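Peer 1: Would you mind keeping the following structure in view while I ask a few things?
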Amino acid sequence: MEIIIQKTAKEGSAVGGRIVAKLVQHKPEAVLGLATGSTPVKLYREMIQWHTEKGLDFSKVTTFNLDEYIGLAADHHASYHRFMNENLFDELNMLKENIHIPDGLAEDVVGHCAAYEQAIVEAGGIDLQVLGVGSDGHLGFNEPTSSFASRTRIKTLDQQTVEDNQRFFTEGEEVPRHVITMGLGTIMEARTCLLFAFGEGKADAVAEMVEGAVSAMMPGSVLQFHRDARIILDEAAASKLKKADYYKWVYGNKPEWQQY
Ligand code: GLP
């Protein structure tokens with residue numbers, strides 16, 4: 001694990017934007033795994049800037065999103081389809097057929113999940129998976145006790161996640177309890193995992209995930225087993241890490257050949 005601590009979410013997102021841009025410059029047909037939630041919005045703004053101001057070309061890029069709510073149509077205001085279009089895809093020159101998000105209205109959920117896994121394989125696997133982390137440690141919608149070997153499948157949300165995500169729904173509207181999410185096993189096969197966490201509300205989950213025991217009760221801790229997991233934090237999210245000074249020194253003193 002590499003822990004990158006920046007002063008603000010904006011600076012952390014700029015570091016992430018450079019990592020994504022470098023990958024796409026080097027490999028124009030890169031396969032990106034993408035996440036939703038408030039956290040990656042600033043990263044997506046950086047990616048849009050790379051495209052509009054520096055001409056970064058996304059026309060050959062393929063994407064796979066982590067998850068979607070079951071029962072929400074693509075145009076529902078709280079669907080992850082809508083979120084991704086509004087926060088990223090509408091501003092990039094990606095081809096529609098290269099964008100993949102689980103279908104919340106799939107009739108055959110099991111078959112759809114298997115086809116989603118197959119599409120990732122056919123695309124050559126995910127080069128870089130963007131991740132956030134839930135306050136209960138979930139990745140995608142892999143709630144506590146999710147198997148580290150899990151694949152894309154249906155999951156039931158924890159009450160904590162329902163409450164956390166209520167803000168994306170209108171008052172009185174129920175957050176769907178069932179979702180489709182890539183599994184932890186799917187996520188672990190990405191060549192690089194880039195997890196962002198910002199704000200004090202994530203400090204406990206980050207400390208447990210990075211420095212705590214590896215446990216299915218803290219799904220994010222599976223990244224301790226990943227060969228290239230980079231965790232980008234602001235000061236607030238890093239505030240409960242015991243070895244924060246060490247991580248800062250390491251990042252600030254990287255040999256040039258190791259920088260990105
Ligand atoms: C949702 C998403 C996760 C995301 C999490 C945190 O539950 N399924 O992928 O990491 O929210 O969201 P936020 O970034 O808004 O804190």
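Coordinate-derived values only; no laboratory data. It should be emphasised that the depicted structure is a prediction, and the values quoted were computed from it without experimental measurement. For neighbour counting, all protein chains shown are included, and Cβ atoms are generated from backbone atoms with ideal geometry for every residue, glycine included.
Peer 1: Compute the Cα gyration tensor for the stretch 37-131, then decide on rounded, prolate or oblate, letting a ≥ b ≥ c be the square roots of its eigenvalues: rounded whenever a/c is under 1.5, prolate when a/b is larger than b/c in the other cases, and oblate in all that remain.
Peer 2: Working: a/c = 2.13, a/b = 1.40, b/c = 1.52.
Judged from the Cα gyration tensor, the stretch 37-131 comes out oblate (a/c at least 1.5, b/c at or above a/b).
Peer 1: Within a Cβ distance under 13 Å of Val121, other residues only, what is the Lys/Arg minus Asp/Glu net charge?
Peer 2: Charge balance in the 13 Å sphere: -2.
Peer 1: Oh, and also: Can you tell me which of Ala207, Ala149, Ala197 moves the most in a GNM of the chain? Springs connect C-alpha atoms under 10 Å apart.
Peer 2: Result: Ala149 has the largest fluctuation of those listed.
Peer 1: Given an 8 Å cut-off on Cα distances and at least 6 residues of separation, report the relative contact order of the chain as a percent. Walk me through the intermediate numbers first.
Peer 2: Numbers: 526 pairs, mean separation 65.5, N = 260.
About 25 percent, as a whole number.
Peer 1: To continue, here is another question. Going by C-beta contacts inside 10 Å, put Glu29, Glu171 in order with the fewest on the left.
Peer 2: Values: Glu29 13, Glu171 5.
Ranking Glu29, Glu171 by Cβ neighbours within 10 Å, fewest first, gives Glu171, Glu29.
Peer 1: Please give the charge dipole size of the stretch 107-234, origin at the Cα centre, charges +1 on K and R Cβ atoms and -1 on D and E Cβ atoms. Round to the nearest 20 debye.
Peer 2: On the way: 9 positive and 20 negative charges, 89 e Å.
Approximately 420 debye in magnitude.
Peer 1: Work out the length of the dipole vector of the chain about its Cα centre, built from +1 on the beta-carbon of each Lys and Arg and -1 on the beta-carbon of each Asp and Glu, and round it to the nearest 20 debye.
Peer 2: 960 debye
Peer 1: Which one, Ser150, Ser38, Ser135, has the greatest fluctuation when you compute a Gaussian network model over the chain with C-alpha springs under 10 angstrom?
Peer 2: Its mean-square fluctuation being the largest, the pick is Ser38.
Peer 1: In the stretch 82-213, with Lys and Arg counted as +1 and Asp and Glu as -1 at Cβ, which of these residues, Val175, Phe83, Leu131, has the Cα nearest the positive end of the dipole, that is, farthest along it?
Peer 2: Leu131
Peer 1: Could you state the number of Å between the C-alpha centres of the stretch 65-134 and the stretch 8-36?
Peer 2: Each part reduced to its Cα centre gives a spacing of 18 Å.
Peer 1: State, as an integer percentage, the relative contact order of the stretch 81-208 based on alpha-carbon contacts under 8 Å between residues 6 or more apart. Write out the running numbers ahead of the final one.
Peer 2: On the way: 152 pairs, mean separation 38.9, N = 128.
About 30 percent, as a whole number.
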